[in-house]
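Enquirer: Can you read through this structure? Questions will come right after.
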Amino acid sequence: MATKRLLVLRHAKSSWRTPDIDIRRPLAERGVQDARAAGAILAGYDLDVVLCSSATRARQTWENAMAGGAACDDVRYTEAIYHAWSDELLDEVRTLPEDAPTALLIGHQPTLSDLVLSLAKPSDLTAAVAERFPTSALAVLSYRGAWRTLAEGKATLQRYEIPRG
């Protein structure tokens, strides 16, 4: 069985100085810089698929991550991530193609940290995620098996950091 890697990225800092509805809120200037810093980290991974919330701040997080060095040819934007609970996010991940071993999920709190904590075996890193998962937080999980069989407590949290630009 091949090892899968799921990277989970919370969108970067968004602006509250906008008349737009929540799903349309853009990134703040700090968010742009943080997303680019996240992109520099993501550049170290060969991303096969990106699952991204259709919310403006999530889309702009990915766009700025690319400006920071991240790359992926298969980017899928979906409103389902914006409204999802952690079990629904897991359902999205389970549909990933088996020939795509490394995937990035860009979404929102509190569902992202809930997903990470449900998938990962307890460790010092999971304790850090439980404490806080702020904007631009990045968690990297590894799992040996098929995407469709990914389940609670089956992954290892290999990396957790909070990129800042």
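Enquirer: To the nearest 20 debye, what is the magnitude of the charge dipole of the chain about its Cα centre, counting +1 on the Cβ of each Lys and Arg and -1 on the Cβ of each Asp and Glu?
Expert: Dipole size: approximately 400 debye.
Enquirer: Then there's this: Please report the relative contact order for the chain, taking Cα pairs under 8 Å with a sequence separation of at least 6, and give it as a percent rounded to a whole number.
Expert: The value is 33 percent.
Enquirer: Let me ask something additional. Which whole-number percentage describes the relative contact order of the stretch 103-165, with Cα contacts under 8 Å and a sequence gap of 6 or more?
Expert: 38
Enquirer: For the stretch 93-150, how big is Rg over Rh, using alpha carbon atoms and the Kirkwood form of Rh?
Expert: Result for the stretch 93-150 is an Rg/Rh of 0.96.
Enquirer: Please compute the net charge surrounding Q158, taking Lys and Arg as +1 and Asp and Glu as -1 over other residues with Cβ under 13 Å from its Cβ.
Expert: My count for the surroundings of Q158 gives +3.
Enquirer: Further question: Quick check on the exposure proxy: order I162, I41 from fewest to most C-beta atoms within 10 angstrom.
Expert: I162, I41
Enquirer: Identify the chymotrypsin sites (Phe, Trp or Tyr not before Pro) of the stretch 1-72 meeting these criteria: DSSP loop state and at most 13 other C-beta atoms within 10 Å of the C-beta.
Expert: Taking the stretch 1-72 and a limit of 13 other Cβ atoms within 10 Å, the loop chymotrypsin sites (Phe, Trp or Tyr not before Pro) found are W16.
Enquirer: Same structure, new question: Normalised by the number of residues in the stretch 48-105, what is the relative contact order in percent for Cα pairs under 8 Å and 6+ residues apart?
Expert: Relative contact order comes out at 54 percent.
Enquirer: Compute the whole-percent fraction of alpha carbon pairs in the chain spaced more than 23 Å apart. Present the calculation step by step, with values, prior to reporting the outcome.
Expert: Numbers: 4210 of 13530 pairs.
Everything past 23 Å amounts to 31 percent.
Enquirer: Right, something else. Stretched out fully, how many nm does the piece from R94 to W16 gain, at 0.36 nm a residue minus the Cα gap?
Expert: 24.7 nm
Enquirer: Just to confirm the filter: which chymotrypsin sites (Phe, Trp or Tyr not before Pro) across the stretch 75-164 are DSSP coil and have at most 12 other Cβ within 10 angstrom of their Cβ?
Expert: Filter output for the stretch 75-164: W85.
Enquirer: In a shell of Cβ-Cβ distance under 11 Å around S54, excluding S54 itself, what net charge do Lys and Arg (+1) and Asp and Glu (-1) give?
Expert: Combined, the nearby Lys, Arg, Asp and Glu give +3.
Enquirer: So if we plug the beta-carbon distance of S54 and K121 into 1/(1 + (r/R0)^6) with R0 = 30 Å, what FRET efficiency do we get, rounded to 0.05?
Expert: Once rounded, the FRET efficiency stands at 0.45.
Enquirer: Quick check: Cα centre of the stretch 77-146 to Cα centre of the stretch 36-53, how many Å?
Expert: Each part reduced to its Cα centre gives a spacing of 14 Å.
Enquirer: In addition: Calculate the translational D of the stretch 17-76 in whole µm² s⁻¹ from Stokes-Einstein, where the hydrodynamic radius comes from the Kirkwood formula applied to all Cα pairs, the temperature is 37 °C and the viscosity 0.692 mPa s.
Expert: The estimated diffusion coefficient comes to 280 µm²/s.
Enquirer: Run down the lysines and flag those whose C-alpha is under 21 Å from the C-alpha of K4, throwing out any fewer than 8 positions away in its chain.
Expert: Partners within reach: K121, K154.
Enquirer: What number comes out for the charge environment of V140, summing +1 per Lys or Arg and -1 per Asp or Glu over other residues with Cβ under 10 Å away?
Expert: So the surrounding residues net to +1.
Enquirer: Within 10 Å of each candidate Cβ there may be at most 16 other Cβ atoms; applying that plus a DSSP loop requirement, which GluC sites (Glu not before Pro) in the stretch 82-161 survive?
Expert: Passing sites in the stretch 82-161 are E98, E152.
A short reminder: the numbers here are calculations on the coordinates, not readings from a lab. Values in this document were obtained by computation on a predicted structure and should not be read as measured data. With ideal geometry, Cβ positions are generated from the backbone for all residues, glycine too; neighbour counts draw on all protein chains shown.
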